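Report on the structure given below.
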Amino acid sequence: MSDIIALLPDAVANQIAAGEVVQRPASAVKEMLENAVDAGATDIRLVIKDAGKTLIQVIDNGCGMSRTDASLSFERHATSKIKDADDLFRIHTKGFRGEALASIAAVAQVELKTRLHDQELGTHIKIAGSEIEVTTDCQTQPGTSLAVKNLYFNVPARRNFLKSDPVETRHIIDEFQRVALTHPDIAFTMHHNGNEVFSLPAAVLRQRVVNVMGNKFNQRLVPAEEYTDILKISGFITKPEFARKSRGEQFLFVNRRFIKSPSLHNAIIRAYGELLAPGTHPAYFIYLEIDPSEIDVNIHPTKTEIKFQDEKTIYALLHSSIRQALGKFNVTPTLDFEQETSFSTPPLQPGQIVKPPTIRVNPDYNPFRTEKEKPGNLASRFKQPIASDWKELYQIVEDSEAKQAEIRVEEERKPSDGPGVLLMHSEYAVTQIASGMVMIHLKRALERIEFEKHRAHLQTGTGTSQRLLFPQTIGVPAAQVAILEEQMEDLTAMGFELNSLGGGSFSINGIPSGLESEQPRGLVEELLEQLTHLPTDLDIPAQDRTALAVARSAVRQWRRRWKTAELKHLVDELFACEQPYYSPTGKATIATFTHEEITDKFD
Ligand code: ADP
Ligand code: MG
């Protein structure tokens with residue numbers, strides 16, 4: 001039999017490697033920005049067109065490359081950053097694998113212009129699908145400009161796999177932010193489709209964080225610092241009262257490299273402990289510096305995961321330094337988590353009388369009783385008469401639930417009204433159906449109802465707007481301006497009237513009809529939050545994402561005191577939906593319990 005093993009041609013090998021290194025436009029952005037940082041640039045510009053699908057360009061004023069180095073830079077395993085295996089344990093640069101440029105050039109049309117600072121002329125190289133097309137001298141600024149056009153032009157399957165522009169843009173912004181937050185001493189700008197997304201002058205870290213995240217972060221930050229022999233911790237955490245319901249602004253860097261570490265994340269979150277309202281997440285910007293020989297960054301191709309030799313110690317140090325930071329700045333939670341608590345303190349009804357709190361005293365209490373008869377002793381408590389308490393207990397029931405129950409009973413007597421609906425644990429609506437009983441997940445049901453409404457408005461262009469008598473203005477952080485602008489057409493179709501006033505300010509002139517009861521500013525803020533942090537892997541069509549974001553912001557106050565009539569209306573609306581049984585993201589909205597299941601319980 002003849003030999004059958006052949007070495008892959010370079011172009012093919014590069015395309016395969018590209019799949020790993022350049023998963024999406026954002027991965028090319030990351031590699032290119034990091035190369036510019038490694039080149040010692042003090043000014044780095046990122047220019048994007050169509051979410052990076054048409055153009056990704058990075059222009060830096062770093063060291064530049066000689067003609068030979070420029071040609072070599074597109075070869076696989078060509079790197080100036082390590083020379084031998086030992087260097088792997090002393091890595092201080094971002095790159096070291098020498099495969100980014102080769103991979104990018106395998107799947108795009110690339111144009112490089114680069115010049116050393118002490119040379120008159122620079123080098124211009126054009127390369128597409130790993131084929132060098134042009135190498136010439138050129139006039140150019142000292143430093144490097146690398147333009148990557150039509151990513152995956154030669155791998156259509158891959159190109160089709162890319163997500164919608166807003167999703168890919170979000171990924172690019174994530175990468176940009178990570179690099180910008182790692183290097184406050186470098187000036188960065190980012191433009192997308194001709195619009196400025198970020199303009200970040202060189203600054204101290206705190207200023208950089210605020211420039212990247214938006215001015216409102218200034219008052220939220222608390223510094224964290226801890227220097228020990230093995231580990232240096234610096235950066236900022238945010239006060240617990242500013243924790244948000246979406247995770248998002250959580251940045252952990254190790255030796256100036258953004259990493260994801262569930263365990264170290266845990267060390268930070270656990271330090272907050274009880275200070276966080278359930279289900280909320282604080283933002284943090286934490287920088288660890290550790291001897292490179294103590295970590296292994298080479299275990300993941302995209303290098304966001306690393307291994308620590310001594311993770312336990314690092315965990316403990318990080319945990320204690322965050323606790324200290326929270327303590328030192330005397331951070332106490334304000335008991336105002338907005339809508340989170342609104343359900344437990346319902347607004348006063350007209351005419352409602354507030355009872356002063358009463359202190360319960362056990363008139364039978366005898367301090368000289370023997371140990372086993374103490375009121376805390378379960379057995380003796382059961383034996384104790386509850387005579388002094390029962391009236392009060394009854395009173396409580398009558399005040400709230402019983403009154404509602406009475407109304408329901410009355411309603412049930414009128415056959416036209418159908419069965420009553422009961423609110424359970426503030427989260428579910430329970431009602432009877434012919435075959436038994438149904439429990440409705442309030443939040444998901446509301447999401448489904450609002451989602452279908454806004455999606456229909458978007459598809460048919462029938463969304464109407466309720467104009468505000470007094471337009472409100474909001475400041476939108478740089479990262480979110482681009483996102484908002486991209487969605488503007490859809491948002492307008494759904495009834496939002498938002499106008500840019502420049503400099504990240506927007507005026508809210510109208511909100512969709514039907515959402516009049518909403519606080520316009522709160523609604524739009526939540527909408528931005530949703531648009532920014534909607535997970536990218538949701539199983540819904542790209543064109544429905546904006547409607548979902550609107551729906552989620554519209555229902556943000558779902559935990560509230562519900563009137564029976566409102567609950568009934570909700571049930572009707574849910575069952576009038578095209579797909580009442582699932583939330584927009586495919587989670588169950590209702591659970592049914594048949595007569596059989598119920599009678600079984602009483603067997
Ligand atoms: P790595 O960064 O892992 O070395 P890359 O493929 O990203 O591999 O880059 C290959 C080489 O090209 C780098 O080692 C560096 O010498 C050179 N290079 C890439 N980008 C730049 C740049 N913006 N400025 C100067 N040199 C660069
Ligand atoms: Mg590199």
Tally time: how many residues in region 45-79 are at pLDDT below 95, assigned to a loop (DSSP other than H, G, I, E, B) and out of contact with any helix residue (DSSP H, G or I) (no Cβ under 7 Å at 6 or more places or on another chain)?
2
Restricted to region 15-33 and to residues being assigned to a helix (DSSP H, G or I) and touching a Gly at 6+ places or on another chain (Cβ under 9 Å), the residue nearest to ligand 1 (Cβ to nearest atom) is GLU31
Of (1) over 18 Å from the mean Cα position of the chain (by Cα); (2) of a type in the set (Val, Ile, Thr); (3) under 24 Å from VAL47 (Cα atoms), VAL167 fails just (1)
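Take the residues in region 100-121 that are part of a loop (DSSP other than H, G, I, E, B) and either surrounded by fewer than 23 Cβ atoms within 10 Å (Cβ to Cβ) or free of Cβ contacts under 8 Å to residues at least 60 places away in the same chain (or both), then tell me which one is nearest to ligand 1 (Cβ to nearest atom).
Ranking the candidates gives LEU116 first.
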Single residue of ALA591, ALA542, ALA576 found to be modelled with pLDDT under 85, closer than 17 Å to HIS441 by Cα and surrounded by fewer than 17 Cβ atoms within 10 Å (Cβ to Cβ)
ALA576
In region 143-175, what residues are assigned to a helix (DSSP H, G or I) and within 16 Å of ligand 2 (Cβ to nearest atom)?
GLU175
Can you spot a residue in region 37-44 that is away from ligand 2 (no atom under 13 Å from the Cβ), in a helix (DSSP H, G or I), modelled with pLDDT under 95 and on the phi < 0 side of the Ramachandran plot?
no
State all residues of region 428-439 that are farther than 15 Å from GLU566 by Cβ, surrounded by 13 or more Cβ atoms within 10 Å (Cβ to Cβ) and either within 32 Å of the chain's Cα centre (by Cα) or of a type outside the set (Val, Ile, Thr) (or both); if no residue qualifies, say none.
GLN432, GLY436, MET437, MET439
Kindly provide the set of residues from region 149-183 that are basic (Lys, Arg) and farther than 22 Å from GLN543 by Cβ, ordered by number.
LYS149, ARG178
So which strands (runs of 3 or more DSSP E) stay within region 190-305 end to end and still have 1 or more residues that are exposed (fewer than 13 other Cβ atoms within 10 Å of the Cβ) and at negative phi?
195-200
Pick from region 34-63, criterion buried (at least 18 other Cβ atoms within 10 Å of the Cβ) and among the small types (Gly, Ala, Ser), ranking: farthest from ligand 1 (Cβ to nearest atom):
ALA51
Subset tally (residues that are more than 9 Å from ligand 2 (Cβ to nearest atom) and in contact with a strand residue (DSSP E or B) (Cβ under 8 Å, 6 or more places away or on another chain)) for region 19-36:
5
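The values are calculated or read from the model by the stated rules, or taken from the named source; none is laboratory data. Bear in mind that the values here come from a model prediction, so they are computed numbers and not experimental data. Backbone-built Cβ (ideal geometry, glycine too); neighbour counts: all protein chains shown.
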